[in-house]
Amino acid sequence: MRINYYRVLLGFIDIALVNIAFLLAFIVRFEGAVPAFYYNAYRQAALPITFINLSFFYSFGLYKQIWAYASINALVSIIDAVSCGALFSAVYLWVFAGSIIPYSVIMIAALIKLVLVGGSRFAWRVAREKMTGEGHAKKKTALVFGAGNAGESIVREMLRSNGSSEYSPAGFIDDDRAKIGMEIHGIRVLGGRRDIPDLAKKKKIDEVILAIPSASGDVIRDIVNICKRVGIKSKTLPAIYELINGSVSVKQLREINEEDLLKRKPVKFDANEAEKEFKGRVVLVTGAGGSIGSELCRQLARCSPKKIVLLGQGENSIYNIDMELKEIFRDIEIVPVIANIRDREKINKVMNEHRPSVVFHAAAYKHVRMMEKNPDEAYVNNVTGTKNIAEACRESDVEKFVLISTDKAVDPTSVMGQTKRQAEQLVLGLRGTGKTRFIVTRFGNVMNSRGSVIPLFKKQIAEGKPVTVTHPDVVRFFMTIPEAVQLVIRAALMGEGGEIFVLDMGEPVKILDLAREMITLSGLEPGKDIPIKFIGLKPGEKLTENLTAPDEEIFKTSHEKIWKVRQKALAGVYQGVINGY
């Protein structure tokens, strides 16, 4: 039998500490003048009392813990073990020793035992940290911006991480002046964001942590600029839409990126309403492997549908989203279908087999420059493909068909924009021709999609090449992919058929400013470390994009970030588009 010398050593230490505690308790109780009678009485009871206490120490796992990593839970175990030991010691003395030893001595001894046993255990951890150099010496000193729920969670985790966290909180900063001077978990609110430079010097700050998931891009941009001037790093928590369960953790901290700088107020999204619409139903998404399509599938899966059909022609992208969803949503039937929307016969077969209730049509060619060089492919895919899907939905009595459109469809100057414009008209022209309610959603660029400039800029910066901007005055609308998808789903819920819903994209972003900010975020200086090169607008590109055309009227809806568009043209125009195919 192998002897565990670590446990044996702890046992001998505890034998000594239990008896020392009782001797000290006598001294405290009788103020140093302890009658010899009591010493003799304890000498007779010492062995069983020691056995009782060590039995409870063993029962509560005090000899199973590695005390170099002692935690709050370990302290609770010590309190429980000492309390039970004191209680049963009192019972023993009352039953077998006739209450010779005063109960007050037992209570005082329990308190002393708690200090001695707890101190001996946590001394292992202190010794380990000193020997290994762990603890506060290696931690990064952080200011936490935001003395709210998220900030409280972050600081609480830092304080309770038993030395494992790389951060030590120096204080909170918050722009709410009423909070300044207040404390959370003993950590004071030291000032607002304007106080960061002074605090960075006084407190020797290493990083500022943005603990406000709902912070706007303007606030984040300001914090980044202040930290850059001072020469300290900044990190942030994911946005609210990225925090699926609403909880935050130090582990979720990440570098600030371009999405944070462009972030707007979070979308108000009623998850219960969406779940009520899709729960137990069959949903089909075309282009399910793309940026928008895959995020649609993720968010729809959270609404507890019976089945999600992932339709796309890209084998690898469909495989990836299929594996992702099956791993997370095990109670939902996920069906990958490799199919081209141009293949009307295959589309009809898929519709008849799966009988979806709702179809989101995200499949499309979206690259303006590529489609200028391949107009025939753009037409066949974006127009004919949409016609195939839409008419198959009508023939299968699909309840709702939602077309994902683009701001390029407004006063189109490109082949891609023209094909999306015709796709919109085609879908609207099918209104009233069957049971299916046809809905169009229109929005601008989404960040980090395959057709966005952001991945291109990232690649150019990483390679040290000039960042290419078409024109110094070009502006575009931007929205995060999750936000756009949330609004598409919300529009689908409110759509009655025949509407164009336009998503509020906020203020347009100057691409030149975006390029400069992305270079700065990379720790480089625009124009010095990374030059910016203007290459001119390509065929089909505009300086500015619009979400509505002159021949369209715009109306408010029940959602502040979704507008309804009504075209002044009559339905006969739409029918003419359909008849032309």
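Couple of notes before you dig in:
- Test: Pro482 is in contact with a helix residue (DSSP H, G or I) (Cβ under 7 Å, 6 or more places away or on another chain) and closer than 29 Å to Glu399 by Cα: yes
- A single entry from Gly434, Gly429, Gly464 fulfils the requirement of being surrounded by fewer than 23 Cβ atoms within 10 Å (Cβ to Cβ) and either β-branched (Val, Ile, Thr) or not assigned by TED's automatic domain parsing to the domain that holds Ile341 (or both): Gly464.
Each row is one residue, and each column tells you yes or no for (1) exposed (fewer than 14 other Cβ atoms within 10 Å of the Cβ); (2) modelled with pLDDT of 75 or more.
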{"position": "Glu129", "(1), (2)": "no, no"}
{"position": "His136", "(1), (2)": "yes, no"}
{"position": "Asp174", "(1), (2)": "no, yes"}
{"position": "Ile187", "(1), (2)": "no, yes"}
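- One residue from Val282, Val230, Val267 being modelled with pLDDT of 85 or more and either touching a strand residue (DSSP E or B) at 6+ places or on another chain (Cβ under 7 Å) or farther than 19 Å from Asp175 by Cβ (or both): Val282
- Taking the numbered list (1) free of Cβ contacts under 8 Å to residues at least 40 places away in the same chain; (2) under 28 Å from Met479 (Cα atoms) in turn, Lys349 passes all entries but (2).
Okay, residues lined up against (1) more than 18 Å from Pro482 (Cα to Cα); (2) at pLDDT 95 or above; (3) not assigned by TED's automatic domain parsing to the domain that holds Phe360:
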site	(1), (2), (3)
Leu296	no, yes, no
Arg302	no, no, no
Val309	yes, yes, no
Ile318	yes, yes, no
Met323	yes, yes, no
Glu327	yes, no, no
Val337	yes, yes, no
Ile341	yes, yes, no
Arg344	yes, yes, no
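- Residue ID - nearest to the chain's Cα centre (by Cα), chosen from residues in the range 383-397 that are among the polar types (S, T, N, Q) and within 22 Å of Lys366 (Cβ to Cβ): Thr386
- Filter pass, Ala21 being in contact (Cβ under 8 Å) with a residue 12 or more places away in the chain, closer than 23 Å to Ala123 by Cβ and assigned to a helix (DSSP H, G or I): yes
- Within the range 493-512, restricting attention to residues that are touching a helix residue (DSSP H, G or I) at 6+ places or on another chain (Cβ under 8 Å) and part of a helix (DSSP H, G or I), the residue that is surrounded by the fewest Cβ atoms within 10 Å (Cβ to Cβ) is Leu493.
- Of all the criteria given as (1) farther than 16 Å from Ile404 by Cβ; (2) part of a loop (DSSP other than H, G, I, E, B), the one not satisfied by Gly289 is (1).
- Only listed residue being surrounded by fewer than 18 Cβ atoms within 10 Å (Cβ to Cβ), in the same structural domain as Ala81 (by TED's automatic domain parsing) and over 50 Å from the mean Cα position of the chain (by Cα), chosen from Ala33, Ala21: Ala33
- For Val248, the test of being surrounded by 19 or more Cβ atoms within 10 Å (Cβ to Cβ) and either modelled with pLDDT under 75 or among the hydroxyl-bearing types (Ser, Thr, Tyr) (or both) is passed.
- Annotation note: Cβ proximity below 6 Å between a residue of the range 176-190 that is of a type in the set (Lys, Arg) and a residue that is part of a strand (DSSP E or B) (sequence gap 6+ or interchain) occurs for Lys179/Val189; Arg188/Gly171.
- Any hit, the range 466-481, residues being farther than 20 Å from Ala409 by Cβ, at pLDDT 85 or above, of a type in the set (A, V, I, L, M, F, W, C) and assigned to a strand (DSSP E or B): yes
- Set Phe443, Phe457: member being farther than 20 Å from Gly293 by Cα and among the aromatic types (Phe, Trp, Tyr): Phe457
- Flag if Phe360 is farther than 18 Å from Ser405 by Cα, surrounded by 15 or more Cβ atoms within 10 Å (Cβ to Cβ) and under 26 Å from the mean Cα position of the chain (by Cα): no
- Enumeration of residues in the range 548-565 that are touching a strand residue (DSSP E or B) at 6+ places or on another chain (Cβ under 7 Å) and closer than 19 Å to Met505 by Cβ: Thr548, Glu552, Glu553, Ile554, Phe555, Lys556, Thr557, Lys561, Ile562, Trp563, Lys564, Val565
- The set of residues in the range 539-558 that are among the aliphatic types (A, V, I, L, M), within 12 Å of Ile500 (Cβ to Cβ) and at pLDDT 80 or above contains only Ile554.
The values are calculated or read from the model by the stated rules, or taken from the named source; none is laboratory data. Here the structure is a predicted model, which is why all the values come from computation and not from measurement. For neighbour counting, all protein chains shown are included, and Cβ atoms are generated from backbone atoms with ideal geometry for every residue, glycine included.
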